[in-house]
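J.: This is the structure I want to talk about, given as structure tokens.
The values are calculated or read from the model by the stated rules, or taken from the named source; none is laboratory data. Note that the structure is a prediction, hence the values are computed from the model and not measured. Here the Cβ positions follow ideal geometry from the backbone for every residue, glycine too, while neighbour counts run over all protein chains shown.
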């Protein structure tokens, strides 16, 4: 049964080394997200909840205040707190009552957390939002600039999600190459399940934003003279393939200026490099590599459908409460799986009958179980199938990921 459509408040928050900043707020319609689990004691994070009049907070979303990553400086890698801003898009279900309150809490560790509240009515969804440590709601200057655009007109459905493609590190003379990369991606997307069944739920536009110089930042090419407008660079976090756009908020501003706020927009930045790479996040990024179409589909899985990576080779910190629908944590480390644990597995309704849990690789690719190794961890986190596009680009999306994509696109069908 399809999930009901709800009214939502969508917040775009810039999170850096300092306190978070709301840079955009919208009232939208869509499928209500699931609340995040309670934060771990001692964590330094912020969470945002909606409180209806006379009630306790009924919903919360959690995000970290800081990101730690490895940075490349003068020929060597070192651990450091990131100075880059991280864009977080948070959607909160809302009854439509203007007297409901947006409650913001920073810090969940020992001592009294800092908190503040603001009436949703005071947001006006237009007026500046002023609260002590969420600085003034800003409209970026890029919104006022109208760049040349090409509408791909994939459907005449006015409700369809709009994919907004923006070039980074492309000068005007290179826009034809940018257009070819986008056309190849669209062709591959429309032939990939389950997107092949949702052609009328997705439209697309290309917005030609020129960079002053050709190319993107690359720690292996420190002498290269580049100036990508959205700040794309390779090698984030000591991973050559991880391409991140430092000024992704500019992409959102440009897209909304071109398309308007009435449509659901998903931005995808095409980075001008033939090297393999990309990243997910509020804005997806992918390169012009020969596998760019498949890279972009994988990154769209992160950005638009909140899917986790299912590979296990990079050793990210362990996440005991993964929010993504395609990853689950071991119920009791080393303690085996009970019938109750089986029922709590996120995809329990899709499990192959009588499948062994955890599921050994020898069970093969045709079953749905709980295969160990996911979200860049070899142990303790589980994925539904042996292989999936969120694990390997050449594989199709597994039934669990396909169901998550379908649920997200259903509201946008005509």
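J.: Filter segment 358-386 down to the residues that are more than 17 Å from residue 324 (Cβ to Cβ) and assigned to a loop (DSSP other than H, G, I, E, B) and list them by number.
T.: 358, 359, 360, 364, 365, 366, 367, 369, 386 - these are the residues of segment 358-386 that are more than 17 Å from residue 324 (Cβ to Cβ) and assigned to a loop (DSSP other than H, G, I, E, B).
J.: Please find, among 292, 312, 279, 287, the residue that is surrounded by 19 or more Cβ atoms within 10 Å (Cβ to Cβ) and either at pLDDT below 90 or at positive phi (or both).
T.: Details: 292 fails: either at pLDDT below 90 or at positive phi (or both); 279 fails: either at pLDDT below 90 or at positive phi (or both); 287 fails: either at pLDDT below 90 or at positive phi (or both).
From the options 292, 312, 279, 287, the qualifying one is 312.
J.: Give the residues of segment 189-200 that are touching a helix residue (DSSP H, G or I) at 6+ places or on another chain (Cβ under 9 Å) and exposed (fewer than 15 other Cβ atoms within 10 Å of the Cβ), sorted by residue number.
T.: Looking only at segment 189-200, we keep the residues that are touching a helix residue (DSSP H, G or I) at 6+ places or on another chain (Cβ under 9 Å), and these are 189-190, 192-200.
Those that are touching a helix residue (DSSP H, G or I) at 6+ places or on another chain (Cβ under 9 Å) and exposed (fewer than 15 other Cβ atoms within 10 Å of the Cβ): 190, 193, 196, 197.
J.: Take the conditions under 10 Å from residue 310 (Cβ atoms), part of a loop (DSSP other than H, G, I, E, B) and at pLDDT 90 or above and apply them to residue 352. Does it pass?
T.: So residue 352 fails the test.
J.: Give me the residue from segment 170-181 that is within 13 Å of residue 287 (Cβ to Cβ) and either within 25 Å of the chain's Cα centre (by Cα) or not assigned by TED's automatic domain parsing to the domain that holds residue 208 (or both) and, out of that set, surrounded by the fewest Cβ atoms within 10 Å (Cβ to Cβ).
T.: Keep residues of segment 170-181 that are within 13 Å of residue 287 (Cβ to Cβ), which gives 170, 177-178, 181.
Imposing the further condition that a residue be either within 25 Å of the chain's Cα centre (by Cα) or not assigned by TED's automatic domain parsing to the domain that holds residue 208 (or both) reduces the set to 170, 178, 181.
On the way: 170: 27, 178: 21, 181: 23.
Within segment 170-181, the match that is surrounded by the fewest Cβ atoms within 10 Å (Cβ to Cβ) is 178.
J.: While we're looking at this one, here's another question. Suppose we filter segment 256-276 for residues that are within 18 Å of the chain's Cα centre (by Cα) and modelled with pLDDT of 90 or more; how many remain?
T.: 7
J.: Mind listing whichever residues of segment 225-254 are closer than 21 Å to residue 298 by Cβ, touching a strand residue (DSSP E or B) at 6+ places or on another chain (Cβ under 8 Å) and either free of Cβ contacts under 8 Å to residues at least 60 places away in the same chain or not assigned by TED's automatic domain parsing to the domain that holds residue 277 (or both)?
T.: 233, 234, 241, 242, 243
J.: Do the conditions hold for residue 299, that is, is it at pLDDT 90 or above, in the same structural domain as residue 231 (by TED's automatic domain parsing), surrounded by 17 or more Cβ atoms within 10 Å (Cβ to Cβ) and not in a loop (DSSP other than H, G, I, E, B)?
T.: Here the answer is yes, as residue 299 does meet what is asked.
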